[in-house]
Amino acid sequence: MVHYRYFMGGTTAKGYVNFYENLIEQLDRVVYIEGGFTSIVSPILQRIANQFSQDHTVEYIHNHLMPDQLEGIVIPSLSIGVFDRTKMNQKRLVYPMLYEKLVYFGDGYDQDYLKEHEYELVQYHEEVKRLYQEAINHYQTALEHHHQVEKIYVDYLNARKANYETDQLIKQLFENNNLNKPGSVKHRYLGAATPEGPIDYVMELTDELSQRIFIKGRSGTGKSTMLRKIAHEAKDRGFDVEVYHCGFDPGSLDMLILRELNVAIFDATAPHEHDPQKEADEIMDVYELFVDGNPDVVHQDRLRKYKAAYKDEMKNAKETLKEIKEHQLNFERIYRASCAPEFIEEVENDLLDWMKKLV
């Protein structure tokens, strides 16, 4: 079976932003794991996914702080998801046990053991909170430098050309096709800023598609605006759209996937730089198509200054995320040590029993 990986939340220049509410609205059944932590919940999610992966496509949702760990899984054919509830904006359950199942990990922890380590836990937690704000501050400053770069290119953007080329692409993609159903929109991240640096799943998410359009260009040259227009057009025509937001600035778009058309179109520039690998892959260079003049040369000194400042802040943010990860892992080790393996096995079996009744 084909499987997909992506992120649903991340530390960004706008704070911690996630799209779980959008995802949950599109599922029939949801399992929430409450009171657990990534290093405890991830192995459970992986084992549950293994139970279904032979017969069903599984979507793996990775944790941006520990990108080798999971914070959720989705089985689209069963319209069910299992999530670490601490990673989302919590909402009350409407149909407990019928459409939603809540698993509380708090009952599995040894309270006496936690009391022994209370001081350490509080210290780790407070440090993580402080460092998260520090990381967000670095991203916010980096975004300011990024906006300065964008402003330079925006002044050279030919809106008439951009609109024309976007309209031509829309005609090419959709022709006269309309689907007799409401279009749906799924909001996600194709990648994230992590302690290991930027990670993305673009190639994996698009590998099965017959048409992939790699957008090249500079910041501020209309890439995100073009993707937004295509997404609106797709939804209006009844197509389902996967909208992948920028993990640095979630208000900006990085990729669209239209699986009903077998098409993906995405920003293929750094920090998720990719080049065509298949014969059918296409490049669309919006710098050449949309931009008049030569801002790269005219403003090379200013661009160099802003880009260097941006890279410095992103590097500082990455180092801060490393510190957060270290403290968070130390925090979770204490909780993991206080949790009996028998309890974890019991939770896992209970979840599987509930899910298998739905198959």
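Where a number appears in this text, it was derived from the coordinates with a stated rule and is not lab data. Computed from a prediction, not measured in an experiment: that's the story for all the values here. A quick note on method: Cβ atoms are made from the backbone with ideal geometry, for glycine too, and the neighbour counts reach across all protein chains shown.
Build a GNM of the chain with springs between Cα atoms under 10 Å apart, and of Ala192, Ala13, Ala270 the one that fluctuates most is Ala270. Of all the options Asp275, Asp107, Asp236, the one that moves most in a Gaussian network model of the chain with Cα springs shorter than 10 angstrom is Asp107.
The value of relative contact order for the range 157-292, using C-alpha pairs under 8 Å at least six residues apart, is 35 percent.
For the range 204-274, relative contact order (Cα pairs under 8 Å, six or more residues apart, normalised by length) works out to 39 percent.
The calculated FRET efficiency for the pair Asn158 and Asn349, based on their C-beta separation and a Förster distance of 51 Å, comes to about 0.25. Relative to the current alpha-carbon distance between Asn262 and Arg92, full extension at 0.36 nm per residue lengthens the span by 57.5 nm.
The stretch between Asp68 and Lys311 holds 85.0 nm of extra length on full extension. This uses 0.36 nm per residue minus the Cα-Cα distance. Simple point charges give the picture: +1 on the Cβ of Lys and Arg, -1 on the Cβ of Asp and Glu, and for the chain a dipole about the Cα centre of about 1020 debye. Build a GNM of the chain with springs between Cα atoms under 10 Å apart, and of Tyr132, Tyr104, Tyr244 the one that fluctuates most is Tyr104. The charge dipole of the range 157-292, taken about its Cα centre with unit charges on the Cβ atoms of Lys, Arg (+1), Asp and Glu (-1) only, comes to about 580 debye. Label separation (His147 vs Asp292): 2.6 nm, computed from points 7 Å beyond Cα along the C-beta direction.
Label sites at Tyr119 and Glu342, each approximated as a point 7 angstrom past Cα along Cα to Cβ, lie 3.3 nm apart. Taking every DSSP bridge with both residues inside the range 157-292, close to 50 percent are antiparallel. Only helices enter this figure: runs of n ≥ 4 DSSP H residues, each worth -39500 (n - 2.57), summed and divided by the residues of the chain, yield -14500 deg cm²/dmol at 222 nm to the nearest 500. Across the range 57-145, the relative contact order, built from alpha-carbon pairs under 8 Å that are at least six residues apart, equals 13 percent. Placing unit charges on the Cβ atoms of the charged side chains and taking the dipole of the range 157-292 about its Cα centre, the candidate lying farthest along the positive direction among Gly183, Leu173, Phe290 is Gly183. Charged neighbours of Gly238, selected by a Cβ distance under 12 Å, balance to -1 (K, R count +1; D, E count -1). Distance between Cα centroids, the range 194-250 to the range 310-332: provide it in whole Å. After rounding, the separation between the Cα centres reads 26 Å. When the chain is described by a simple charge dipole with +1 on each Lys and Arg Cβ and -1 on each Asp and Glu Cβ, the residue from Tyr124, Gly10, Ala268 located farthest towards its positive end is Ala268. Hey, for a label at His232 modelled as a point 7 Å past Cα toward Cβ, could you say which residues of the range 153-171 have their backbone N under 19 Å away? Taking a point 7 Å out along Cα→Cβ of His232, the residues of the range 153-171 whose backbone N falls under 19 Å are 158-171.
Label separation (Asp107 vs Gln51): 1.8 nm, computed from points 7 Å beyond Cα along the C-beta direction.
What the phi angles of the range 57-71 give under the Karplus curve with 6.51, -1.76 and 1.60, with θ = phi - 60°, is a coupling list of 5, 10, 9, 9, 9, 8, 8, 6, 7, 10, x, 8, 10, 9, 10 Hz, glycine and proline written as x. Place a point 7 Å from Cα of Glu25 in the direction of its Cβ. Which residues in the range 66-99 have their backbone N less than 16 Å from it? Counting backbone N atoms under 16 Å from the label point, the list is 89-92.
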